[in-house]
Every structure is written in C-alpha cells, then in structure tokens.
Amino acid sequence: MSLSQATVQALDAPVIRSSGLTHTWRGGRSLRFPAIELAAGETLFVHGPSGSGKSTLLGMLAGVLVPDQGSLNVLGVSLSDARQAERDRLRADHVGYIFQQFNLLPYLDVAANVALACRFSAPRLATATTHGSLDAEVNRLLEALALAPGELRERRAGELSVGQQQRVAAARALIGGPRLLIADEPTSALDSDTRAAFIELMLAECTRHRTSVVFVSHDLSLASHFDRMLRIAA
Amino acid sequence: MMRAGFWGPLPSLALRSLWHRRGSVLLTVATIALSVALLLGVERLAVESRRSFASTVSGTDLVVGARSGPVNLLLYAVFHVGDATNNVSWQSYLDVAHMPEVEWTIPISLGDSHRGFRVMGTTPDFYAHYRYGDHQPLGFASGGAVADVYDAVIGSNVAVKLDYAVGRKIVLTHGTGVGAQMQHADKPFRVVGVLQPTGTPIDDTVVVGLDGIEAIHIDWHAGIRLPGAEVDAEQARHADLTPKSITAFLVGLHSRMAVFGVQRAINDYDQEAMLAVLPGVALQQLWSIVGVAQQALRAISVMVVAVGLCGMLAALLTMLGERRREMAILRAVGARPATVFGLLVAEAGMLGLAGSVLGLALLYIAMALARPAFDRIAGIRLPLTAPTATEWLLLGAVLLASLLAGCLPAWIAYRRSLADGLQVRL
C-alpha cells in the first residue's frame, strides 16, 4: 500500500515530534531517547558518545526500526503504529539518508546513484523533474555540491575520493526535495577542510527546499552550523 | 527513462549488480549452462533413439518369426541384434503371404556376414515395400536392386566404412560375429547397388537375394561344407534355389484394422509354432527394459543440474556478506525488505535464465558437431529441430528451481534488513 500525499501534513507542521522513545536491541541493551521536536526547515545537531544509540535513533526516524515505547510522529505519520510498508513509503518519498561512508552502489555510476532515490519513489521523481529532465536535476545537484557533472557523471563510486563520494551521497539524499534529511556522521571520514565545506553545501541545498535536517556527529565543533543541538547520554 | 515504483528498478538493478560481479557470475552461468546442456542432451538422445528405432519399422504392421519372445524376435529380425533360435519354414511363410488381408511381405534370411556386417537375404519386395523414417521408401545412392543370384546391394555405412562401390567383388562369411571364419569363397558376389542412408540397421547390411543365400549353402550341411560334394557357382544357378526356411518376415496389411486378426491367425497357426508381433508393442516392451537405464541417466542429469544450482546458491550466499552495505543503501533510499528479497530472487532467476539459454545454445552446438558421428556409429539421427514441449518444460523447471534457490539468500537478506535497520553489522 502506498501512502497518499494527503496524509502527510502541511509544510508548516512539525516534521518530527517524539517523546519517551525507547528501543531494546536483541541481547537486552535498552536505549532511552530525549524528546525531539523539529519544525520544517529546521536543522538539528545530535551528538553523544558512541554506544549512546545515535544510529538507533536515526533508524527509528527513518522508519526502519520500530520504537518499543513512546510516540514518534514523522510528517504526521505515527511511526510507532504505521505498518512497515507505510514506513518504507514515507522514507522513500520524504526522507533522504546519508551514511558515514560507503554510500554508493558500486555497480552504478555517479548519475545513476544520485537518481536511485527517484527510482523508488514516484513523488520524488515528479518533484525532481518539475523543471526539466531527471538528468538535468542530477547535474544541477552535483554542481550545487561542487562536483563537476561533466567529469564525474559516468564514474563509478570506487573512482571517487571519499569527499566526493559523500557529496554524491548528499546529492542522492536531496534529489526530489525530501522533507527530512538524516545524516549519520557523514563527515567523520573527511578531513577538517572538506568537512566544513561539505556541511555548508549540504545545508545550502536544504535551505533551498526547506528540508529539515537531523545531523549526527561526535565532533562538537560542527554544532555551530545548525539551529539546535540535542545531546544523547549513554 | 527511469521508472519509479515497487518493481520498476529491480530488473535493471539486478542486471547491473550481476554485471558488476561478472567474474564469478560467468562461472556460475557456465556451470548451469553445462548442466542444462547435459539434461537436454540426455532427453533428446532418449527421444531420438526411440524415434530412430521406431523409424526402422515405420511401415511394418507385423514382424513374424519362429516362436520366441516378442523383444527377442524384433531384435534379431529387424535390428540384427542376436540370432534366431529357430527358422520359419518356407511353406508357413507362403501360407501367411497368401492370406487375403496381407498386402505384402518381406522375407528375411540372416546368418551370414561380410567383414562384420550382417548379410540379409530377401526378395525384390524389400525394395518395393520396406519403409523407414516417415514412411520413406528405400533409395539408391548408386546402382540398383539385386537382379542376379550373385548380386549384392550394400547399405550406406558398409559402402563408406569398407570403401566399396558398385562393381566390387565380395565374399560372404558363413555365420556372424568374430568366430565366423569359413568363407563362401567359391561363390563371390558383385556389388550392384549402394543404398542411401536410412538411419536404420539397413545401413550396416549387405542385402542379397534369397536365392543367393540358398546358392552359397547348396553344398553345406549342418554348418560345414560337405567335402567331395562341392557345387560350383555356375552349377548352383541351375539348382532349385527355393529356400526351405527363412529367419523371419515383415508383413504389411491392406488395412491396419485387420492387424489383430492376422496376428491371432499366425499365432494360432497349427502347422508350425510362429510368433507375430506388432513392432510398436514389442518396442514398448524393449523400452520398458532399456527405460531403466534411460531413467538412471535422466536422474543423473537432473542431479547435475541440482549441483549446478547449488553452485549458484553457494556463490549467491558468499556474495551476500559483501553485499550487506548494498542492501542497507537500497533500504535507505526507500527499498522495502520485499524489494531486497525480490532483487536477490531476480538475480538468481537471471542466472538461471542465462544458464538455460546458454545451455540450449551449447546443446545445439554439440548436436551440430556430433550428429555425423552419432549417425555413423549409433545410427541415431539428431535433427536440429526446435526444442520440444518437454525440453521447454525442463528449461522452465530449471528456471523455477533457480528462482526457488534464490529464495534462500533472499530470505537471509530480508531477515537481516529487518533486523539491522540501516546499520551494517559485520
């Protein structure tokens, strides 16, 4: 079943609203998370020591993991109650996700990797092609992230530097104007010069589409780029 | 260009993913292809060997010989395998030949050989009425039918293997097999015709007249030439060359409807113990014996396919570990666990399909290369015809089996993508 656009709340409604979330992994380790409220276009910096459950929180926000307790509402959809197909649909249509590294499918070229998000979601394809072809939108995003499309489009992931790979990953996460971007320590493999540049390019593109951002890092020096900060205790 | 939706990206993703790992994929496809070629080859040989046997008796309604077993009679009379235990008297043969339902008969007299090839004594009726394959009559590659007592017509294989042509003088050997030593050297035959290939035992036969068989044995008794009573070739011509007995005979009826009545009449004939069999029925009995071996072959080839698919499964499972990251990426861009499942099943299906198509191609290449040898050595013709319904069914089964095999890695990836979320635990 696919979730119709209508069930997703209007642009001004909160993108994330959660309280009392807990998650227990197999093996019995239980995690408890502070309440989150994130408005459209707002950017949130999440940090905490390793093992504090940052990735688990992101998994729940992305609708891949289910909270054991508490309420979690993303774009008006209650993820603690939604069926898995609904959660997958919400993610495909409205959420962009960037991993720490190895974001790209090795068998697709850069352009196909960026376009991949549109291949699992008709709404995102529609948004991406509002002003022209998907190809043109891929090129625009690559340029916006300071990647030369002419040179890189047909390269494979393995031929790119880590910094380039992360920017391609950002382009994929942002294609089709998702409402929420989730980034799981995307800069930890980058050196400090490219780190700031990456965040600035990424946030600039998010502002353009009023995309909300949840950005996880243990590097507190990056917090100044974001509107708010949330600390998760171990 | 790019399609969104649930299944949209799957085929192209699966294809590109396979291409990316083409080294190991190629090996897997080759394994499946070889096993599929074997499976289809065994099936085709079984079918074609049956067709080949059936084509040998395509125009014959009844095979008649001295009373023995139906399979035994068919084997020695038609396929020249083994020897007759008893003969049929000439009088009994004439009685059957004169039955009103009988259109034609072909008497067969066996027992001599020429350099390993069987010699068959018969009458001109053989050239007129014998049918093989799709009811085709015999044709001559060169020369013509036996006209004189000492004329011989040779089958196509005899001509090729012994490099004989029309005009060649040949000497027949008394008896058959390796032990046959005594030559009918006093009465040589002349090759007057070479038959076109038929794909039947006729190709390996030297055909002479019944009178020729009678003539070379005129001074023989109980398997040896009577000393002091030799009759030379010219004298023999003037003797009565009507045979006293023949080995067997083939019967063609005016109407197939009468076949059971005639069969019963021959089997109940009170002057002599004779056996009439419907060649189709006897062939069925033969296949029920030979069928065991064919079933065993088929079972082995099925197992080889299973081994091929196990190889594919092993390759897919091995790759699964390296591909956990890939699965997480797909999940992150919105792929459902079911899509991850579908991707892996699609990959297995594509491997199975590629293996089947390549296997089919291999089969035809192998057949094209091996058919002259099969025709020459086994008398089995392998026509390069389109795959039969059974063969398509086998290919479908292979494809289905590969899809089923793909479900195992797909299920593991599905479970993992549910349990891991977007984290990759290595």
Degrees separating the helix A:192-209 axis from the principal Cα axis of chain A, which is the longest one: 80
Kirkwood Rh (inverse of mean 1/r, distinct Cα pairs), chain B, angstrom: 25.8
Proximal lysines relative to B:LYS161, as straight alpha-carbon distance under 28 Å, when same-chain residues fewer than 8 apart are discounted: B:LYS169, B:LYS187
37 °C / 0.692 mPa s Stokes-Einstein diffusion coefficient of the range A:149-223, Kirkwood radius on C-alpha pairs, µm²/s: 252
Listed residues B:ALA296, B:ALA276, B:ALA410, most fluctuating in chain B (Gaussian network, C-alpha, under 10 Å): B:ALA296
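For an R0 of 30 angstrom, estimate the FRET efficiency from the Cβ-Cβ distance between B:ALA306 and B:ASP163 and round to the nearest 0.05. Intermediate values should be presented prior to the final figure.
Working: r = 47 Å, r/R0 = 1.58.
With R0 = 30 Å, the Cβ-Cβ based efficiency is 0.05.
With r defined as the distance between the Cβ atoms of B:HIS254 and B:ASP134 and R0 fixed at 22 Å, what FRET efficiency is calculated, to the nearest 0.05?
Values: r = 21 Å, r/R0 = 0.96.
The formula returns an efficiency of 0.55 here.
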Helix B:389-420 vs. chain B, principal-axis angle (Cα, 0 to 90°, nearest 10): 20
Acute angle (nearest 10 degrees) that the helix B:279-322 long axis makes with the longest principal axis of chain B, alpha-carbon atoms: 20
Top of B:VAL194, B:VAL262, B:VAL207 by mean-square fluctuation, Gaussian network on chain B, Cα under 10 Å: B:VAL262
Exposure proxy order (Cβ contacts within 10 Å, fewest to most) of A:SER217, A:SER30: A:SER30, A:SER217
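Calculate the mean, over all residues of peptide A:47-60, of how many other protein chain Cβ atoms lie within 10 angstrom of the residue's Cβ.
Average per residue, whole number: 1.
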Most mobile listed residue (B:GLN235, B:GLN183, B:GLN295) in chain B, GNM with C-alpha springs under 10 Å: B:GLN235
Cross-link reach list, aspartates and glutamates versus B:LYS244, counting only Cα pairs under 19 Å and skipping chain neighbours closer than eight places: B:ASP83, B:ASP95, B:ASP112, B:ASP125, B:ASP211, B:GLU214, B:ASP219, B:ASP270, B:GLU272
Highest to lowest packing among A:105-114, B:236-245, A:166-175, scored as the average C-beta count within 10 Å: A:166-175, A:105-114, B:236-245
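Express in nm, to one decimal, how much length is gained between A:ARG155 and A:GLN69 on full extension, taking 0.36 nm for each residue of separation and deducting their alpha carbon distance. All intermediate terms of the calculation are to be shown ahead of the outcome.
Details: separation 86, 0.36 × 86 = 30.96 nm, distance 4.45 nm.
Net length gain for the segment: 26.5 nm.
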Added length on full extension, which subtracts the Cα-Cα distance from 0.36 nm per residue, B:GLN284 to B:ARG67: 76.2 nm
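Stokes-Einstein D for the range B:151-293 at 10 °C, 1.306 mPa s, Kirkwood Rh over Cα pairs, in µm²/s? Don't skip to the end; give the middle numbers.
Values: Rh = 18.4 Å.
The Stokes-Einstein estimate is 86 µm²/s.
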Per-residue Cβ neighbour rank within 10 angstrom, fewest leading, A:SER133, A:SER212: A:SER133, A:SER212
Phi-based couplings in Hz for the range B:203-209 (Karplus 6.51, -1.76, 1.60; Gly and Pro marked x): 4, 9, 10, 9, 9, 10, x
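Report, in cubic angstrom per residue, the convex hull volume of the C-alpha atoms of the range B:22-84.
Numbers: hull volume 6.0 nm³, N = 63.
About 96 Å³ per residue, rounded to a whole number.
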Sites B:ASP148 and B:LEU226 - FRET efficiency at Förster radius 22 Å, r taken between beta-carbons, to 0.05: 0.30
Sorted by Cβ density within 10 Å, fewest first, the residues A:CYS206, A:CYS118: A:CYS206, A:CYS118
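Kirkwood-based Rg over Rh for the range B:36-162 (C-alpha set), two decimals?
On the way: Rg = 16.7 Å, Rh = 16.8 Å.
My calculation puts Rg/Rh at 0.99.
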Shape call, the protein assembly as shown: gyration tensor on alpha carbons, a/c limit 1.5: prolate
B:ASP83-B:ALA338 pseudo-label distance in nm [points 7 Å out on the Cα-to-Cβ vector]: 7.5
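Any read-out appearing in this document is the output of simple, stated calculations on the displayed coordinates, not a laboratory observation. None of these values were measured; they are calculated from a predicted model. Here Cβ is always computed from backbone atoms with ideal geometry, including for glycine, and neighbour counts include all displayed protein chains.
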